[in-house]
Amino acid sequence: MRSELRWPSVAGLTFEGRTVVGTHAYGKHLFTRFDDERTLHTHLRMEGVWWVVPTGSPRAVGRGAFVRAVLGSDEWTAVGDRLGMLDVVPTGAEHTLIGHLGPDVLAADFPADGLAEALGRWADRGPTPVAEVLLDQTVTAGIGTIYAAESLFARRLWPWTPADRTDAATLLMTARTLMVRSVAAASPTATGETARGRTTQVHGRSGQPCRRCGSVIRVGQARRPPMQRPIFYCPGCQPQV
Ligand SMILES: [Zn+2]
């Protein structure tokens with residue numbers, strides 16, 4: 001296998017000659033396991049992506065200032081672009097990287113098992129603003145700024161509503177439903193529509209009219225500095241409580 005890791009802390013490490021046993025995701029953490037009991041751990045952060053392209057095709061070369069990893073077999077090459085984190089750990093130690101995370105909202109067993117645990121963690125946050133709790137990866141893993149905003153819009157919740165005054169189960173399942181639909185779509189979408197400019201109701205639309213009520217969409221800050229993140233909302237559909 002071709003193996004290039006362009007990340008200072010793992011300089012010199014290689015997976016040449018090894019075989020990928022499988023890759024699994026937990027939130028935005030990806031774990032690629034090799035047959036020598038090592039795991040490549042990568043995190044997508046905001047912009048990261050793994051492209052899988054035929055070996056020999058132009059993109060398989062792995063050119064580009066932001067390409068962080070290239071793994072290739074005779075047939076396929078995976079190119080990790082704009083990855084937010086990259087390290088190599090013993091496969092047996094994977095849990096130490098995600099042990100603090102809440103249940104993965106996209107996991108198949110989330111409705112049956114994960115949700116109950118997430119609700120317990122949610123309750124521990126008390127009156128913390130609901131947007132902040134939705135984004136808290138130790139409550140549920142996998143919800144980012146887009147699906148936090150879009151779920152709150154769907155449930156007509158002001159982003160700073162105290163979390164203990166919201167229907168957490170319905171809200172988390174709404175986030176999951178929107179994300180599952182997006183994963184299944186041809187390209188990411190929070191609305192079910194894939195046309196440019198139609199993929200969100202509120203996220204990235206500050207200053208534009210709400211499609212439901214016509215109010216001007218606004219953007220505020222969820223979480224406190226230095227961890228603040230933009231959160232978009234419609235003041236008409238999501239009135240302050
Ligand atoms: Zn509205």
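The values are calculated or read from the model by the stated rules, or taken from the named source; none is laboratory data. Because the structure is predicted, anything quoted here is derived from the model rather than measured. With ideal geometry, Cβ positions are generated from the backbone for all residues, glycine too; neighbour counts draw on all protein chains shown. Quick note on the areas: whole protein, heavy atoms, side chains included, nothing else; ligands and nucleic acids left out. Shrake-Rupley method; radii C 1.70, N 1.55, O 1.52, S 1.80 Å.
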_FRET efficiency, Asp74 to Ala25 (Cβ-Cβ, R0 30 Å, nearest 0.05)_ = 0.75
_Output the 0 to 90 degree angle, nearest 10, between the alpha-carbon long axis of helix 115-124 and the longest principal axis computed from the alpha carbons of the chain._
60
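Counting other Cβ atoms within 10 Å, keep those with at most 12, restrict to DSSP loop, and tell me which trypsin sites (Lys or Arg not before Pro) in the stretch 11-56 are left. Mind showing how you got there, number by number?
On the way: sites: Arg18, Lys28, Arg33, Arg38, Arg45; in loops: Arg18, Lys28, Arg45.
For trypsin sites (Lys or Arg not before Pro) across the stretch 11-56 that sit outside H, G, I, E and B with at most 12 neighbouring Cβ atoms in 10 Å, the list reads Arg45.
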*Express the carbon and sulfur contribution to the solvent-accessible surface of the chain as a percent, rounded to the nearest whole number, probe 1.4 angstrom.*
55
*Using θ = phi - 60° and the Karplus relation 6.51 cos²θ - 1.76 cosθ + 1.60, list the HN-Hα couplings for the stretch 149-165 in order, rounded to whole Hz, with x at every Gly or Pro.*
5, 5, 5, 5, 4, 4, 8, 6, 9, 5, x, 9, 4, x, 4, 7, 10
*Collect residues whose amide H, placed 1.01 Å from N in the peptide plane, falls under 5 Å from the amide H of Ile231; neighbours closer than 5 in sequence don't count.*
Gly220, Gln221, Ala222
*Of Pro103, Gly80, Pro235, whose Cα points farthest to the positive end of the dipole of the chain (charges on the beta-carbon: +1 Lys, Arg; -1 Asp, Glu; origin at the Cα centre)?*
Pro235
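Defining a contact as two alpha carbons under 8 Å apart and six or more residues distant in sequence, what relative contact order in percent does the chain show?
On the way: 466 pairs, mean separation 33.4, N = 241.
Reported as a whole number, the value is 14 percent.
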_I'd like the orientation of helix 168-184 relative to the chain: the angle between its Cα long axis and the longest Cα principal axis, in ° from 0 to 90, rounded to 10._
50
*Taking only DSSP H segments of four or more residues, each worth -39500 (n - 2.57), what value at 222 nm results for the chain once the sum is divided by all its residues, to the nearest 500 deg cm²/dmol?*
-5500 deg cm²/dmol
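Taking the radius of gyration and the Kirkwood hydrodynamic radius from Cα positions alone, what is the Rg/Rh ratio for the chain, to two decimal places? Working shown, then result.
Details: Rg = 19.7 Å, Rh = 19.5 Å.
Result: Rg/Rh = 1.01.
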*Sequence-distant or interchain residues sharing an amide H contact under 5 Å with Arg68, placed H: which?*
Gly80, Asp81, Arg82, Leu83
_What distance in nm separates the two pseudo spin-label positions at Val53 and Ala65, each 7 Å out from Cα along the beta-carbon direction?_
1.9
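Given axes a ≥ b ≥ c from the Cα gyration tensor, I'd like to know whether the stretch 124-241 is rounded (a/c under 1.5), prolate (a/b larger than b/c) or oblate.
Working: a/c = 1.64, a/b = 1.22, b/c = 1.34.
Since a/c reaches 1.5 but b/c is at least a/b, the shape of the stretch 124-241 is classed as oblate.
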*Using every alpha carbon pair in the stretch 140-207, what percent of pairs falls into each 10 Å bin from 0 up to the bin containing the largest distance?*
20, 54, 23, 3
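Under a Cβ-only charge scheme (Lys and Arg +1, Asp and Glu -1), can you give me the dipole magnitude of the stretch 1-81 about the Cα centre, in debye to the nearest 20?
On the way: 10 positive and 9 negative charges, 61 e Å.
My answer is approximately 300 debye.
How much accessible area per residue does the chain have, in Å², with a 1.4 Å probe?
Values: 12170 Å² over 241 residues.
Per-residue accessible area for the chain comes out at 50 Å².
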*Classify the stretch 1-86 as rounded, prolate or oblate from the Cα gyration tensor: take a ≥ b ≥ c as the square roots of its eigenvalues, call it rounded if a/c is under 1.5, otherwise prolate when a/b beats b/c and oblate if not.*
rounded
*To the nearest 0.05, what FRET efficiency results for Asp167 and Arg121 with a Förster distance of 25 Å applied to their C-beta separation?*
0.95
*Around Lys28, which amide H atoms from residues at least 5 apart in sequence, or from another chain, sit under 5 Å from its own amide H, with H modelled in the peptide plane?*
Gly142
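Assigning unit charges at the beta carbon (Lys, Arg +1; Asp, Glu -1) and nothing else, what dipole magnitude in debye, to the nearest 20, does the chain show about its Cα centre? If you can, show how the numbers build up before the last one.
On the way: 27 positive and 22 negative charges, 255 e Å.
My answer is approximately 1220 debye.
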